[in-house]
1. Between Ala498 and Gln459, how many nm apart are label points set 7 Å from Cα along the C-beta direction?
2. If you take the Cα atoms of the stretch 5-264, find Rg, then find the Kirkwood Rh from the mean of 1/r over all pairs, what is Rg/Rh?
3. What is the distance in Å between the Cα centres of the stretch 237-252 and the stretch 397-435?
4. Working from the alpha-carbon coordinates of the stretch 268-412, get Rg over Rh, Rh being the Kirkwood radius.
5. Give the share of C-alpha pairs in each 10 angstrom bin for the stretch 465-641, from 0 to the last occupied bin, in whole percents, shortest bins first.
6. Under the rule of -39500 (n - 2.57) per DSSP H run of 4 or more residues, summed and divided by the residues of the chain, what mean residue ellipticity at 222 nm is obtained, to the nearest 500 deg cm²/dmol?
7. So if we plug the beta-carbon distance of Asp251 and Gln625 into 1/(1 + (r/R0)^6) with R0 = 51 Å, what FRET efficiency do we get, rounded to 0.05?
8. What Kirkwood radius, in Å to one decimal, follows from the Cα pairs of the stretch 439-502?
Amino acid sequence: MKGTIIEQILADHLVAGQLESGHEIAITIDQALTQDITGTMAYLQFEALGLERVRTELSVSYVDHNTLQTGFENADDHRFLQTVAAKRGIYFSRPGNGICHQVQLERFGIPGKTLLGSDSHTPTAGGLGMVGIGAGGLDVALAMAGMPFYLRTPQVLGVTLVGELPAWVAAHDVILWLLQQLSVSGGVGKALEYRGPGVTTLNVPQRATLTNMGAELGATTSVFPSDEVAREFLYAQGREEDWTAVATDEDAEYEEEMTLELSALEPMIAQPHSPDNVVPVTELAGVPIAQVCIGSCTNSSYQEMMTVAQILRGQQIAEGLSLTISPGSRQVLEMLARSDALADMIGAGARILEAACGPCIGMGQSPPTDSVTLRSFNRNFPGRSGTKSAGIYLASPAVCAASALAGELVDPRELGEPPSIQLPEHFLVDDSMIIPPAEDANSVKVQYGPNIKPVPEQQPLAEALEGEILLKVGDNISTDEIMPAGAKILPLRSNIPAISEHAFAPIDRDFPARVRQQGGGMILGGRNYGQGSSREHAALAPAYLGVRAVLAVSFARIHRANLINFGIAPIEISPEDYDRCQQGDELRIADIHGALQDEGQLTIEDVTGEFSFTASCQLAERQAQVLLAGGALNWARQKLGS
């Protein structure tokens, strides 16, 4: 990957390892972000390290996911987040200020910097020429403590963009096309770098849509150059001094390359229940819909919101249909309110939600039973909407708005001439809802509510692992299925004993009781186990219950790291052995300590089936140390103590 943007930024921040694909490296982190459902635990973990202040250039705590306050739990979490931010040197973005990725892009993003966030869509920052990486909250806590972030050097996939988007085709259609071509696991172990003459035809919010949904490909990160387009965006945000040029070297070499002709694209749509189940909208025209939701960190910029407003102007949404709109930031919402755009939306029958994640994370707006909901979001996993029987379709805001008027899926090109929306020369800048940390940390007392429990202690990894296969699941199991979200469960994110009772609830509600009855055990998974959200609770809760190993054909990047961070061995097995092993089988793994020190080759005995097979738990030296210590928190305490 000679001369690529990815290589340049990683090389500038490299503190250990070699920039060779697949090799573990350590990089310094300039900026860190958390959001409220992952941030509570991340800051509890930071405090468990015993440090007084964060050591990054900038850290920001956002409240954007868990904003529905149906009880004291969320309000207590928000008070904890605000006070711990003030005391520990962290900026605090108040509820209502917007979605973390959009606000970070608008107000804090700096080309050429590294950003680590406790949210899988942190690569959104790549639209501004940053290397943004999603990770578990514990990894972010360690980065805020000044420790490097460890990752495998990704292969770089160079995506050459040619031409420009036709009328009614949006950035969302570009990334849906890529998902159709590459699949939800096609980006695992890779980073996408956009290049070519078509890049200059996309503005920063459009670029951010592509880098945002690179997470759905499983990619480590995605990045665009920082060029004149990026400079103009920062100028419009009143931050031109933060701009610096970041460009690919002329002699750059990519491990993989592909070319995308933008002018050949058409409006696309993802069908249930995977973001890569993509077809042109024309193939589904006429499908009745009950609900439309527009927003999310993927598609809630000023340009997208103004496009929706113009489509809705003077119209009425279909009878019996519910349309919700969630602007991505307070900046966007206020600019809509100061124009006629908000009135156009309200007049058409839209319900205006706060500038937050809302329905995308399952926080309200569950659709009717057996209905179809159309969303301009990034994920459509089973049950993510809050209604297990509903079909979730993903499309651009233009497709969503046009379909809301018709009451069925339609191709927006049928509407004739498209709206022409340009980014403003100056955005409305008001940072009054971003609270800087206290100058005198001693004047601040961190406030904990009764639902906020200490970080569970983990024991070192046993020399031999024995236990039952407690659950066997298929391919592409998402973290939504391992640890679901929604308004009932999200308030428990700072209470691991309570939230653990919901582990694997969409698949098997008896799982927590079975783990306790068996005194622990193992999980068996297929390909791409743990795709989707970065939520570390999908590893933390099983670890708390007593799961000590997950055997899978392959793992999603972030979830594999989270398993190691919480002392669960991620063991790769062959598809044939996956088929042979069954739920309820008793497994025995002897001398796992020795195996970790010997290239990770394991022999696993299936006592029930009376056969043995080989497997791999191949880890970098540091990862092996973390796993043996019982998790990253134990390991980090040892490092910081020494």
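Nothing in this text is a laboratory measurement; each read-out follows from the coordinates by a stated rule. A quick note: this is a predicted structure, and the numbers were derived from the prediction, not measured. For neighbour counting, all protein chains shown are included, and Cβ atoms are generated from backbone atoms with ideal geometry for every residue, glycine included.
1. If labels sit at Ala498 and Gln459, their model points lie 2.7 nm apart.
2. 0.97
3. After rounding, the separation between the Cα centres reads 28 Å.
4. 0.93
5. That works out to 10, 40, 38, 11, 1, in percent per bin.
6. Numbers: 21 runs with 180 residues, N = 642.
Dividing the helical sum by the residues of the chain leaves -8000 deg cm²/dmol.
7. So the FRET efficiency works out to roughly 0.85.
8. 15.8 Å
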